[in-house]
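Single-structure report; data block below.
The values are calculated or read from the model by the stated rules, or taken from the named source; none is laboratory data. Keep in mind that what you see is a predicted model, and the values were worked out from it rather than measured. Cβ atoms come from the backbone with ideal geometry, glycine included; neighbour counts cover every protein chain shown. Ligands, DNA and RNA are excluded from the accessible area calculation, which covers all protein heavy atoms including side chains. Shrake-Rupley method; radii C 1.70, N 1.55, O 1.52, S 1.80 Å.
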Amino acid sequence: MKLSKIVITGGPSAGKTTAMSWVQNAFTKLGYTVLFVPETATEFITGGVAPWTCGSNLDYQKVQMELQLTKERLFEKAARTMKADKILIVCDRGAIDNRAYMNDREFAEVLGEVGKTERELIESYDAVFHLVSAAKGAEEFYTLANNAARYETVSQAVEMDDRLIEAWKSHPHHYVIDNSVELREKLKKLIAQIREFLGEPAPFEIERKFLIEMPDLAALEKLPGCRRVEIEQAYLKTAAEEKIRVRKWVEDGRAIYYKTRRRRLNGRKLEVEERLTQRAYKEMLEEAGDSLQLLHKTRYSLPWEGQVFQMNVYPFWQDKAIVKLELNEENALVQLPPMLQLIREVTGEREYKDYALAALE
């Protein structure tokens, strides 16, 4: 088993919530079982346990550190029982993040409380990826709206971002991703850096799409590395300048739910993706009412000759399917695996996009 444990951290409103969904999607496609250790501070604060409700900040930091380390230990213990070749544990902030909220004396006392040294905590993570707060270079996107535990002003967010970078600076694999590009490109950089650290091939940029004859699915599933995922998704009606898609992703009986919002702000494309609970997902579908158009598809991911082909099978087609492939060169030669028989290329054709295919169900 290849078990890797990384931290995704950053200042307030840095894009961490959307980043988690991107990491889930990107590394599941690469054959990883991805496990997420949720942010401890958010769990505590939204539950009523906070620096301002405890006896002191030190009291709070002691219990937060204890819970943080306990969760990570149990996630690792559970991971080692799983039948998987590659497991990626993603910590939504790590134990060293707490350092940014304490003075030296408080931090030393917290370390004594949990029986750890600062070096031991740092070395418990394979790599740390810091997303810079929108308050530094993308102020128009800074928001407190998507995290009930967030309270920092822009100036406070800048200061906290700097403190977090300082806290993690001694980690040998510490990557900082700034706001020199829009959020979508920022997250592409994040995925590329994680892939590089894990020794995975560089991510591709150009997507091409092909209509193929329906293959023998039973034979396909027996091929090495082939993975099957059941997907249910819907496009919700919203204001003209915004698009919302909700998606249910089921693999090996485990369901994950997402909401993706796309819009333009000040000429820049903004995409925010977040995980949903099962209840929130169902409520959004119910609110859509009769106007809802659900699209169901079965996705097969097939590694072949150093590339990953993604085939979508739809319930309304018995004789054909769609294969997608991401390339790093526009004119790169595409050679489909021999079990996939090409009908024709349909890259860019509107009628083969998911929101158009939803009307066929």
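Just a few scattered comments:
- Per the conditions (1) closer than 19 Å to Y258 by Cβ; (2) open to solvent by 50 Å² or more (accessible area, probe 1.4 Å); (3) among the hydroxyl-bearing types (S, T, Y), the sole criterion not satisfied by Y101 is (1).
- Residue in region 198-218 that is at pLDDT below 90, in contact with a Pro (Cβ under 8 Å, 6 or more places away or on another chain) and of a type in the set (D, E, K, R) present: no
- Pairs, first closer than 18 Å to A359 by Cα in region 279-308, second open to solvent by 50 Å² or more (accessible area, probe 1.4 Å) and of a type in the set (D, E, K, R), C-beta under 6 Å, six or more apart: S291/K237; T298/E230
- When I244, I256 are checked against the criterion of being of a type in the set (V, I, T), within 22 Å of K16 (Cβ to Cβ), in contact with a helix residue (DSSP H, G or I) (Cβ under 8 Å, 6 or more places away or on another chain) and at pLDDT 80 or above, a single residue qualifies: I256.
- Unique match (being on the phi > 0 side of the Ramachandran plot and of a type in the set (D, E, K, R)) among E351, E305, E361, E326: E305
- Summed over region 223-248, residues that are assigned to a strand (DSSP E or B), among the hydrophobic types (A, V, I, L, M, F, W, C) and touching a residue at least 24 places away in the same chain (Cβ under 8 Å) total 5.
- Residue count for region 153-177, restricted to those that are touching a helix residue (DSSP H, G or I) at 6+ places or on another chain (Cβ under 8 Å) and among the acidic types (D, E): 1
- Top-ranked residue in region 293-307 [being out of contact with any helix residue (DSSP H, G or I) (no Cβ under 6 Å at 6 or more places or on another chain) and hydrophobic (A, V, I, L, M, F, W, C); ranked as surrounded by the most Cβ atoms within 10 Å (Cβ to Cβ)]: L302
- When residues of region 112-140 are limited to those that are surrounded by 19 or more Cβ atoms within 10 Å (Cβ to Cβ) and in a helix (DSSP H, G or I), the one modelled with the highest pLDDT: L121
- Within region 175-196, considering residues that are open to solvent by 20 Å² or more (accessible area, probe 1.4 Å) and among the hydrophobic types (A, V, I, L, M, F, W, C), the one farthest from P12 (Cα to Cα): A192
- T18 vs. criteria farther than 27 Å from G115 by Cβ and hydroxyl-bearing (S, T, Y): yes
- Selection from region 316-361 of residues that are closer than 18 Å to Y300 by Cα, assigned to a loop (DSSP other than H, G, I, E, B) and among the acidic types (D, E): D319
- The set of residues from region 225-239 being open to solvent by less than 40 Å² (accessible area, probe 1.4 Å) and under 22 Å from E251 (Cβ atoms) comprises C226, V229, I231, E232, Q233, A234.
- W317 vs. criteria crowded, with 16+ Cβ neighbours inside 10 Å, out of contact with any strand residue (DSSP E or B) (no Cβ under 8 Å at 6 or more places or on another chain) and either modelled with pLDDT under 90 or within 15 Å of D216 (Cα to Cα) (or both): no
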